[in-house]
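Participant: Below you will find the structure I want to go over with you.
A short reminder: the numbers here are calculations on the coordinates, not readings from a lab. The shown structure was predicted, so the numbers you read here are calculated from the model rather than taken from an experiment. Every residue, glycine as well, gets a Cβ built from its backbone with ideal geometry; the counts of neighbours run over all protein chains shown.
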Number of protein chains: 2
Amino acid sequence: MQNFTKYLKAKANIAEPEFQTLIKKIKVKHIPKGNVILRPGEVCQHSFFVESGLLRAYTVDTLGKEHIIQFGSENWIVVDRSSTFFNEPSDLFIDAIEDTDVVLIDPQFITQASEISASFRKYNEIALHNHIRHQQKRINLLLSASAETRYIKFIKLYPDLTLRVPQWMIASYLGITPESLSRVRKELAKKNFKQN
Amino acid sequence: MQNFTKYLKAKANIAEPEFQTLIKKIKVKHIPKGNVILRPGEVCQHSFFVESGLLRAYTVDTLGKEHIIQFGSENWIVVDRSSTFFNEPSDLFIDAIEDTDVVLIDPQFITQASEISASFRKYNEIALHNHIRHQQKRINLLLSASAETRYIKFIKLYPDLTLRVPQWMIASYLGITPESLSRVRKELAKKNFKQN
DNA sequence: AGTTGTTCTTAACATACATCAATGCACATA
DNA sequence: TATGTGCATTGATGTATGTTAAGAACAACT
């Protein structure tokens with residue numbers, strides 16, 4: 001849990017004595033590649049801080065097709081916030097794309113950390129606003145941009161994920177089929193070749 | 001500002017004495033139909049609480065096409081949260097679809113109300129989580145559903161807006177052209193006719 | 001009342017992306 | 001070495017949605 005520790009101390013600016021109190025509450029867990037840690041219908045009981053590895057959150061529609069809502073690699077938190085916050089059944093699956101170590105953060109931890117530390121409260125507020133900003137950009141892209149543009153933006157935003165995540169999952173995140181993404185990539189390769 | 005008053009007292013559960021302190025801070029403003037109150041590049045200085053009327057927030061892409069991010073009618077708050085919170089230039093336009101009266105809530109108001117009242121803090125947190133939940137559902141729809149399905153869900157979610165907002169704006173919100181929406185509606189009418 | 005602009009509809013045509021099916025490749029496992 | 005499984009690619013074809021253009025209904029403005 002080194003990453004999580006660093007994260008708490010740095011990003012949320014938690015000092016040592018408070019840190020010692022908080023740290024007792026948290027648990028770590030290993031999630032082998034492919035294992036599911038949240039299913040639709042369940043309430044999302046924890047936030048999952050990714051120490052190492054890679055998670056994904058996704059829905060499955062009536063035709064059995066997956067639609068990826070979020071990826072989460074090192075130092076990201078993956079959670080269905082609505083489910084956790086409102087104590088409602090989730091719509092999402094969360095599973096591990098790679099062997100993953102997560103820190104389990106339960107809602108009490110957040111509450112307690114918020115009471116103890118003003119900077120944690122502040123940090124948490126920032127995280128929520130970042131989430132909103134990020135989602136809004138994604139909505140705007142889905143409304144306005146072609147598959148190619150969306151893919152290019154994805155690469156720029158997540159160069160690391162582009163290498164680690166199978167292409168069919170990236171396609172799912174972009175809202176297109178794997179075949180379409182393959183063609184988009186072919187086109188881009190052609191264009192780049194011409195430029196040089 | 002009757003709606004806003006009700007809203008503060010009920011939803012955020014602010015008591016009378018605190019309310020009197022807070023209420024001094026706020027201003028109301030009339031926005032004639034068509035007037036723009038936020039442009040890309042500006043920092044969004046206020047949250048706009050809609051007393052009466054109808055606002056919209058939208059982007060304009062490089063081809064000059066509009067993409068509607070949000071509608072806001074009575075008792076809704078319209079704001080570019082990222083811009084306001086992070087003090088960054090916005091990407092959005094906000095304008096009035098109808099003659100509209102808004103209450104201008106500035107960030108200080110939020111801060112102050114949060115200090116005064118625990119229930120306001122709580123309320124504010126709920127509002128953020130609602131926003132996230134709502135955006136996530138919209139992303140999922142854009143990833144997974146056809147134009148027809150998206151339109152049907154829109155009607156169910158916003159029956160009032162369906163009547164008040166011009167169709168071409170609903171099309172923009174759904175991420176399709178006005179022509180396509182017109183065809184979708186025709187199809188739906190046909191289907192419903194057969195049922196009866 | 002006439003003019004102008006806006007919204008909605010419809011049709012013919014164009015295109016981006018999906019679907020279906022086949023193939024090759026890498027990698028794991030027997 | 002053989003064999004299977006998942007992933008990426010490619011081609012042929014289908015379909016939903018976009019584009020362009022025109023007209024009708026209606027509101028707004030003078």
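Participant: Say we join alpha carbon atoms closer than 10 Å with springs in a Gaussian network model of chain B; which of B:Lys27, B:Lys122, B:Lys186 then has the biggest fluctuation?
Facilitator: B:Lys186
Participant: Under a 10 Å cutoff between Cα atoms, tell me which one of B:Tyr173, B:Tyr158, B:Tyr123 has the largest fluctuation in the Gaussian network model of chain B.
Facilitator: B:Tyr158
Participant: For the stretch B:55-94, rounded, prolate or oblate, judged on the Cα gyration tensor with a ≥ b ≥ c (square roots of eigenvalues), a/c < 1.5 rounded, else prolate if a/b > b/c?
Facilitator: Oblate.
Participant: Starting from the 7 Å offset along Cα-to-Cβ, what nm value, one decimal, do you get for the label separation of A:Glu115 and A:Asn130?
Facilitator: 2.6 nm
Participant: Please compute the modelled spin-label separation between A:Val28 and B:Ala15, points set 7 Å along Cα→Cβ, answer in nm with one decimal.
Facilitator: Label-label distance for B:Ala15 and A:Val28, simple model: 4.7 nm.
Participant: What base-10 log of the normalised intensity I(q)/I(0) is obtained for the stretch B:2-117 from the Debye formula, alpha carbons as equal point scatterers, at q = 0.11, 0.16, 0.17 Å⁻¹?
Facilitator: Here the Debye-derived log intensity ratios amount to -0.37, -0.75, -0.83.
Participant: Give the distance, in whole Å, between the Cα centre of the stretch B:15-36 and the Cα centre of the stretch A:3-29.
Facilitator: 41 Å
Participant: Summarise the partner chain shielding of A:138-150 as one whole number: the mean count of Cβ atoms from other chains within 10 Å of each residue's Cβ.
Facilitator: Numbers: counts 6, 10, 9, 3, 7, 15, 10, 2, 0, 0, 0, 1, 0.
What the average comes to for A:138-150 is 5.
Participant: For an R0 of 30 angstrom, estimate the FRET efficiency from the Cβ-Cβ distance between B:Tyr158 and B:Phe86 and round to the nearest 0.05.
Facilitator: On the way: r = 29 Å, r/R0 = 0.95.
After rounding, the FRET efficiency stands at 0.55.
Participant: How long, wide and thick is the protein assembly as shown, going by the Cα atoms along their three principal axes, in whole angstroms, largest first?
Facilitator: 57, 56, 54
Participant: Given the Cα-Cα distance of B:Asn35 and B:Leu63 and 0.36 nm per residue of separation, how much length would full extension add, in nm?
Facilitator: Working: separation 28, 0.36 × 28 = 10.08 nm, distance 2.20 nm.
Separation in residues times 0.36 nm, less the Cα-Cα distance, equals 7.9 nm.
Participant: Can you give the FRET efficiency to the nearest 0.05 for B:Ser146 and A:Glu98, using r as the Cβ-Cβ distance and R₀ = 25 Å?
Facilitator: 0.15
Participant: Go ahead and set up a Gaussian network model of chain A, Cα springs under 10 Å, then flag whichever of A:Phe86, A:Phe109, A:Phe49 fluctuates most.
Facilitator: For chain A, modelled as a Gaussian network with Cα springs under 10 Å, the answer is A:Phe86.
Participant: A further question follows. Distances from B:Glu42 to the same position in the other copies: list them in nm, one decimal, shortest first, using label points 7 Å from Cα along Cα→Cβ.
Facilitator: B:Glu42 label point versus its equivalents elsewhere: 4.7 nm.
Participant: Compute the Cα gyration tensor for the stretch B:80-196, then decide on rounded, prolate or oblate, letting a ≥ b ≥ c be the square roots of its eigenvalues: rounded whenever a/c is under 1.5, prolate when a/b is larger than b/c in the other cases, and oblate in all that remain. It would help to have the intermediate numbers written out before the result.
Facilitator: Details: a/c = 2.43, a/b = 2.16, b/c = 1.12.
Here the stretch B:80-196 falls in the prolate category.
Participant: Now for a different question. Using DSSP H assignments, which helices in chain B have an axial alpha-carbon span of 18 Å or above and a mean Kyte-Doolittle hydropathy of -1.0 or higher?
Facilitator: Span-like helices here: B:118-144.
Participant: Quick one: label points 7 angstrom along Cα→Cβ at B:Ser182, distances to the other copies in nm, smallest first?
Facilitator: So the distances to the same position in the other copies read 3.9 nm.
Participant: Over chain A, consider all pairs of different Cα atoms and compute the Kirkwood hydrodynamic radius from their mean reciprocal separation; express it in Å, one decimal.
Facilitator: 18.3 Å
Participant: Measuring nothing but label to label, 7 Å from Cα along Cα→Cβ, what are B:Pro17's distances to the other copies in nm, shortest first?
Facilitator: 3.3
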